[in-house]
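First the structure, in the form of structure tokens, and then the observations on it.
The values are calculated or read from the model by the stated rules, or taken from the named source; none is laboratory data. Since the structure is predicted, the reported quantities are computational estimates derived from the model, not experimental observations. Here the Cβ is made from the backbone with ideal geometry for all residues, glycine too, and neighbour counts use every protein chain on show.
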Amino acid sequence: MKQLEIKTNKRLLIVKGEFPESNVSYTIEFNGESWKPICKGSDLTEDIAKGFTHSMNFGTDENPDIGYHNSIKDNYWGKSALESFISAIESKNYHWGENPVKEPRMSDYGWYASGHPEEDGGWMYEEGENKYYESLKLFEEAQSRTFNPSKCIIFEIL
């Protein structure tokens, strides 16, 4: 089970795992802490995120211009509460949604399948094989640090 604690204007815990529907509706006690479920990651909306992200009003009463704290860029205020939430995750070197590292394909690094006219299965060049496995390692590391919203629950740590 993958989990990440982030601090916005609330202490949040993002947990990836398989959860029965009943676990989303009541406070959980674990290791002396209470976790109150906010929502499933896939149900996170701008309105929900506004409840736990830092915001500041830069405008006037007639024309409010609200910015949300971005945890990665100093002195930068984002345009949405969701952007602020995602920046808090990214500031911990994690990802929300899609893995930003493209999965490598063996054929891009000189692998030829059996029956290919260049070679009868195998690596064309040794350095291609090494580069492929380096790229694969980077992809797998990023994948292990990526939260899929449909498989997560966001908790407030009370």
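TRP35 meets the conditions (1) at pLDDT 75 or above; (2) in a helix (DSSP H, G or I) in every case but one. The failed one is (2). Considering only residues that are modelled with pLDDT under 90 and among the aliphatic types (A, V, I, L, M), look in the range 41-60 and name the one that is nearest to the chain's Cα centre (by Cα). Going through the qualifying residues, I end up with ALA49. Every listed requirement among (1) surrounded by fewer than 17 Cβ atoms within 10 Å (Cβ to Cβ); (2) at pLDDT 65 or above is met by LEU82 save one, (1).
Contact map, the range 1-20: first residue over 16 Å from PHE85 (Cβ atoms), second residue among the polar types (S, T, N, Q), Cβ cut-off under 8 Å, separation 6 or more or different chains; pairs are LYS2/SER144. Remark: pairs (first residue in the range 137-148, more than 9 Å from LYS2 (Cα to Cα) and free of Cβ contacts under 8 Å to residues at least 60 places away in the same chain; second residue outside any helix (DSSP H, G or I) and acidic (Asp, Glu); Cβ separation under 8 Å; 6+ apart in sequence or on different chains) = PHE139/GLU103; THR146/GLU98.
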